[in-house]
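S.K.: Have a look at the structure that comes next, please.
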Amino acid sequence: MARSGMIKATFIVLIAVAAVVSTEAAAPPPPKISCGKVTSTLAPCFEYVLNGGKVPNSCCDGVKSLYKEASTTADRREVCVCLKSVTSSASPGVINNAKSLPGKCGVSIPYEITPAIDCNKVK
């Protein structure tokens, strides 16, 4: 009888381990980029986004840095969510300036910066 109990216990442990391993393997890694990081990296762009004019070199340095750093789907989605949040209460002029930044800095992002973007579709 003790042997039967030992087999059941071993079986239950194996199932639990398999469940944990399969869950960990299926879960995407959490983003390493926060909205605070996005905001601080793009701080040199604020003047341009708000008022237009010439895009500062330091702004493009930040855009390029953020583009390189957002190397996973989770990171790109986090950047998207942050940009979407910032544009949600912005005027059309500010949104247009924000939309133009990647192109003006020589970076191609897989979505348009707007309050309507579905960040879950960003890969």
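Any read-out appearing in this document is the output of simple, stated calculations on the displayed coordinates, not a laboratory observation. Since we're looking at a predicted model, the values are computed, not measured. A quick note on method: Cβ atoms are made from the backbone with ideal geometry, for glycine too, and the neighbour counts reach across all protein chains shown.
S.K.: Mind checking which lysines have their C-alpha under 28 Å from K99, skipping anything on the same chain fewer than 8 residues away?
M.R.: Candidates past the 8-residue exclusion: K32, K37, K54, K64, K68, K84, K121, K123.
S.K.: What ³J(HN,Hα) values, in whole Hz, does the Karplus curve 6.51 cos²θ - 1.76 cosθ + 1.60 give for the range 59-72 when θ = phi - 60°, with x put for Gly and Pro?
M.R.: Once θ is set to phi - 60°, the couplings for the range 59-72 become 5, 5, 4, x, 4, 5, 5, 5, 4, 5, 6, 7, 9, 10 Hz.
S.K.: Using each residue's phi in the range 91-108, evaluate 6.51 cos²θ - 1.76 cosθ + 1.60 at θ = phi - 60° and report the 3J(HN,Hα) Karplus result to the nearest Hz, with x for Gly and Pro.
M.R.: 6, x, x, 5, 4, 4, 5, 5, 4, 7, 4, x, x, 5, 9, x, 10, 10
S.K.: Around K32, which amide H atoms from residues at least 5 apart in sequence, or from another chain, sit under 5 Å from its own amide H, with H modelled in the peptide plane?
M.R.: The list, which skips near neighbours in sequence, is D75.
S.K.: Still on this structure: I'd like to compare 106-114, 81-89: which one has the highest average count of other Cβ atoms within 10 Å, and what's the full order after that?
M.R.: Working: 106-114: 13.9, 81-89: 16.6.
Descending packing order for the listed peptides: 81-89, 106-114.
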